[in-house]
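Heads up, the thing below is written out as structure tokens.
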Amino acid sequence: MDKIITRPQKFTEFFGLKIEQDELNFLDIYAHQDIALFLDPFGISAMGTKWSKECENQIATYFQYLLDSIKVGDKQTIKKLLSALHEVNEVALGYSQNGSTGRGIGPKQAKEIQSAFETSQAAISGDIKDIADCALLIPGINRDKISDITSNILKKQLIEFTKEQCDLYSIPTKRVAISAFDFEILNFKSYFDYLPIVNGKPKILLPITSVRQDPELSKDKYYRNFVLEFLRAEHSHAGDSLASVLKNGTIKVTIADLKKTYPMGTDFLYDFTKKNPKILEKYKEELRRTALKGEKAKLEPKRRILSADERIEILKKIETGTKEATNFHKITFDNLIEIFGNRLYDPKGEVKINDGRKRIDIVFNNNEKGFFHQLNNLNKIHCPKIFVECKNYGKELGNPEIDQLQTRFSKQRGMFGILLCRTIENKAKMIQRCKDVLHDREGYIIVLEDKDIEQLLKLKEKNEETKIDQFMNQKLDEIIM
């Protein structure tokens, strides 16, 4: 392993494909986490292919069936159609930064959306005709929910697209259980199909032109760019209560005044659209026009958005020994910042002490939070600095490594450190070595191996901050009890 990848691994990289996004028909999703992009139904329509036409027809069919059920009060069918719109983790889109957990439609949200549809005058009256109307006129439906709904409705079609791309690029697939809407029976149906698998999780690929960083379909954009502009023109005449006449004779109506008079809300948008249907049609025309541009989504990965799985995978690929010691040090440094970032601060690597005669791999300053703060306050362990040593050995650590870390302690710097290694073969013996340091009143040392770091990363990903402190307290108890 020559160097550590400090950005999320892409789907193509996971399967060993050396091909750039510009050469692909599908979005090169991240292998282990979501991308903050959205599936745009207008982007699918703009493709102009037979496949996209079928998708467009299926979206229309689904919503017509839903709206017909609302009109006749068929609550069972409404519930069936809306409660099944759960998150589609396989498409790996959304705001999630720590794995494919998504921000999809859960059971509680499904009930809220069902209630919103059933009580919406726009739905009951039949004024809603398509997915764009839903996004604008139904409370609680926004761009990420439209993306989730579209993914659910078109799941079967997207699976077919995925299989075609996998065949084209010789990407292996496996048989998995699927639940998707079947338009022949107008119901969700379970069946088996073949999808690419990443770390045990099936993935669904999307046409690159169908995803957007910031879809145009939005209540805010409709309100700001179309509704308010129309109202500004309506009020732009001398004598109007919202109009001001400037010295040069220009009539001015400010957006701020319009927002105060016409605050945005679903009810307001519906009433406005009911009176001015041409404005909504103009907005939809703009949606189609911008979708036809065919602009491809751009991935802008940031260094510190690696998921727990991504970090663990990097760690596992680092071979033991001096050749990979620098890489082990780098990923350890980054992992400790990720895990303890709110408990420690001002991390520094390769810190020289004793006039440069000694060096410490990593040094943190103690913060006023969590486990390390408790060491000072409850355990009365003096530790303004937290010292870390990283050993990428392929063998069991011994007394020399323990002693090396202990020599970094002092009454001024602190008396607590963490020793990182790849594996501990004899845990009882390692704990005894740490106890020997304590009994000699030479300080406190906790030893963490790869599997400990893996567990801490997973706890951090789930925001289990209390369990992280409990984990570290258990490690401390092993040497003080």
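Points to keep in mind about this one:
- Helices (runs of 4 or more DSSP H) contained entirely in the range 261-354, each with at least 1 residues that are modelled with pLDDT of 85 or more and polar (S, T, N, Q): 266-275, 325-340
- Unique residue being open to solvent by less than 20 Å² (accessible area, probe 1.4 Å) and not β-branched (Val, Ile, Thr) when the list is Leu378, Leu476: Leu476
- Among the candidates Arg433, Arg408, Arg441, residue that is within 23 Å of Phe371 (Cβ to Cβ) and in contact (Cβ under 8 Å) with a residue 40 or more places away in the chain: Arg408
- Hey, Asp403 under 14 Å from Ile479 (Cβ atoms) and in the same structural domain as Asn473 (by the TED database) or not: no
- Candidate set from the range 94-130 (those that are modelled with pLDDT of 65 or more, part of a helix (DSSP H, G or I) and of a type in the set (D, E, K, R)); member that is farthest from Asn276 (Cα to Cα): Lys111
- Qualifying positions in the range 46-72 - touching a helix residue (DSSP H, G or I) at 6+ places or on another chain (Cβ under 6 Å), under 15 Å from Ile208 (Cβ atoms), open to solvent by 10 Å² or more (accessible area, probe 1.4 Å) and assigned to a helix (DSSP H, G or I): none
- Subset of the range 165-213 [open to solvent by 80 Å² or more (accessible area, probe 1.4 Å), without any contact (Cβ under 8 Å) to a residue 60 or more places away in the chain, closer than 26 Å to Ser307 by Cα and assigned to a loop (DSSP other than H, G, I, E, B)]: none
- Residue within the range 149-165 that is modelled with pLDDT of 85 or more, touching a Leu at 6+ places or on another chain (Cβ under 7 Å) and under 23 Å from Lys282 (Cβ atoms) present: yes
- Selection of the range 12-41 for residues being surrounded by 22 or more Cβ atoms within 10 Å (Cβ to Cβ) and among the aromatic types (Phe, Trp, Tyr) yields Phe26, Tyr30, Phe38.
- Matching residues in the range 248-265 - criterion: being touching a residue at least 24 places away in the same chain (Cβ under 8 Å) and either open to solvent by less than 30 Å² (accessible area, probe 1.4 Å) or among the hydrophobic types (A, V, I, L, M, F, W, C) (or both): Ile255, Leu258, Met264
- Filter pass, Gly341 being touching a helix residue (DSSP H, G or I) at 6+ places or on another chain (Cβ under 6 Å) and either over 23 Å from Ile424 (Cβ atoms) or open to solvent by less than 20 Å² (accessible area, probe 1.4 Å) (or both): no
- Long-range neighbours under 8 Å by Cβ, at least six apart or interchain, first residue of a type in the set (A, V, I, L, M, F, W, C) within the range 33-49, second in a strand (DSSP E or B) and surrounded by fewer than 24 Cβ atoms within 10 Å (Cβ to Cβ): Leu37/Val211; Leu37/Arg212; Phe38/Val211; Phe38/Arg212; Leu39/Val211; Ile44/Pro207; Met47/Pro207
- Count of the range 162-204 residues which are farther than 23 Å from Tyr65 by Cβ and not aliphatic (A, V, I, L, M): 21
- Of all the numbered requirements in (1) in contact with a helix residue (DSSP H, G or I) (Cβ under 8 Å, 6 or more places away or on another chain); (2) modelled with pLDDT under 80; (3) crowded, with 16+ Cβ neighbours inside 10 Å, Asn89 misses one, and that requirement is (1).
- Residue, farthest from Thr326 (Cα to Cα), within the range 408-435, restricted to residues that are among the small types (Gly, Ala, Ser) and loosely packed, with under 15 Cβ neighbours inside 10 Å: Ala428
- Hits in the range 436-473 - residues which are under 26 Å from Thr320 (Cβ atoms) and surrounded by fewer than 15 Cβ atoms within 10 Å (Cβ to Cβ): Lys451
- Any pair with Cβ under 9 angstrom, 6 or more apart, that starts in the range 355-366 at a residue that is not assigned by the TED database to the domain that holds Ile418 and surrounded by 12 or more Cβ atoms within 10 Å (Cβ to Cβ) and ends at one that is at pLDDT below 70 and in a loop (DSSP other than H, G, I, E, B): none
- Of everything in the range 214-235 that is hydrophobic (A, V, I, L, M, F, W, C) and in contact (Cβ under 8 Å) with a residue 24 or more places away in the chain, the residue that is surrounded by the fewest Cβ atoms within 10 Å (Cβ to Cβ) is Phe230.
The values are calculated or read from the model by the stated rules, or taken from the named source; none is laboratory data. Model, not experiment: these values are computed from the prediction. Cβ atoms come from the backbone with ideal geometry, glycine included; neighbour counts cover every protein chain shown. Quick note on the areas: whole protein, heavy atoms, side chains included, nothing else; ligands and nucleic acids left out. Shrake-Rupley method; radii C 1.70, N 1.55, O 1.52, S 1.80 Å.
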